[in-house]
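Contents: one structure, followed by commentary.
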Amino acid sequence: MENTHPPRVEAHLARSLDPDNIKEGDDAFFECRVNANPSPRAIVWLHEGKEIVEGSGSGSRLFLHGDNLVFQGLMRGAEGNYQCRVTNDLGTALSVPTRISVQYAPECIEKNNNTVSVSPDEEANLKCDVDASPKDMKFRWAVNTTKGLIDVDPVRYTQDGPLSYLSYKPYSYQIIHQNMEDEMSDNKESLGEEEDKMPPPVESFGVVFCWAQNRIGWQREPCTFIVKPAGKINGFSYQKKGFKGPHARV
């Protein structure tokens with residue numbers, strides 16, 4: 001007499017895949033291993049308890065191929081628990097959940113630019129908050145200047161897991177009217193040694209960037225902070241704080 005029984009089922013990630021090293025963009029597939037008599041009349045895959053429809057969900061290209069669930073170009077939304085549910089004429093069985101984790105390079109939590117207004121002698125407290133998998137990472141901060149990107153010394157910022165903090169203090173310069181640049185040149189002798197003592201505006205009001213890196217790589221787009229002087233802005237030349245030249249706003 002033929003031995004009939006309800007389905008017995010297991011879901012497994014393909015043997016060729018390392019479950020601890022699956023990256024965004026990789027291909028992957030699950031196998032649904034079934035022992036059933038009579039043969040199954042329905043095999044359904046579930047992601048976090050919800051039935052999967054071929055070609056939809058998570059941003060990944062997803063296909064049902066026989067008993068297998070196939071991903072092309074995994075996206076992080078595909079992360080989670082998967083099960084296969086099998087039905088034959090004698091009953092239905094649901095596999096124990098099998099989890100897939102998708103690793104990806106860091107990205108900013110805040111997608112828009114952050115704008116901070118400070119006076120020249122104040123510090124702007126900047127927070128770089130990123131999402132990444134794995135979470136173990138390092139940070140880089142840089143300031144965009146007329147001389148190009150200038151890296152911030154690592155001793156000046158701190159890190160707390162996926163967060164990095166920078167206390168950024170622009171030089172004590174104020175933004176003044178563009179005409180001031182020409183007038184300062186015309187009156188160079190009247191400035192005497194004062195102008196020679198003015199440090200170059202390497203760090204000033206402008207744009208500060210933050211990047212993070214984990215084992216997958218550096219983030220593609222930096223977190224961006226626009227540091228603006230508090231109050232009205234006229235032009236983009238600089239003057240040492242306290243110097244009351246023509247058109248200066250102090």
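The values are calculated or read from the model by the stated rules, or taken from the named source; none is laboratory data. Because the structure is predicted, anything quoted here is derived from the model rather than measured. Here the Cβ positions follow ideal geometry from the backbone for every residue, glycine too, while neighbour counts run over all protein chains shown.
From the list Ser119, Ser101, which one is within 21 Å of Gly77 (Cα to Cα), of a type in the set (Ser, Thr, Tyr) and either touching a Phe, Trp or Tyr at 6+ places or on another chain (Cβ under 9 Å) or at pLDDT below 95 (or both)?
Step by step, each of Ser119, Ser101 is checked, and only Ser101 is within 21 Å of Gly77 (Cα to Cα), of a type in the set (Ser, Thr, Tyr) and either touching a Phe, Trp or Tyr at 6+ places or on another chain (Cβ under 9 Å) or at pLDDT below 95 (or both).
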Open item on the list: Out of the residues in region 59-79 meeting the condition of being outside any strand (DSSP E or B) and of a type outside the set (A, V, I, L, M, F, W, C), tell me which one is modelled with the lowest pLDDT.
Closed with: Gly59
Task: Out of Asn125, Asn144, sole residue that is touching a Gly at 6+ places or on another chain (Cβ under 7 Å) and under 19 Å from Pro222 (Cβ atoms) - done: Asn144
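This table checks each residue for (1) loosely packed, with under 13 Cβ neighbours inside 10 Å; (2) among the charged types (D, E, K, R).
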| position | (1), (2) |
| --- | --- |
| Ile22 | no, no |
| Ser39 | yes, no |
| Arg61 | no, yes |
| Phe71 | no, no |
| Asn88 | no, no |
| Pro97 | no, no |
| Ile100 | no, no |
Task: Ile43 being outside the structural domain of Glu24 (by TED's automatic domain parsing) and surrounded by 13 or more Cβ atoms within 10 Å (Cβ to Cβ) - done: no
Task: Sole exception among (1) modelled with pLDDT under 95; (2) assigned to a strand (DSSP E or B) for Ser56, by number - done: (2)
Open item on the list: For region 98-130, give me the residue count where each residue is outside any strand (DSSP E or B) and either touching a Lys or Arg at 6+ places or on another chain (Cβ under 6 Å) or without any contact (Cβ under 8 Å) to a residue 24 or more places away in the chain (or both).
Closed with: 6
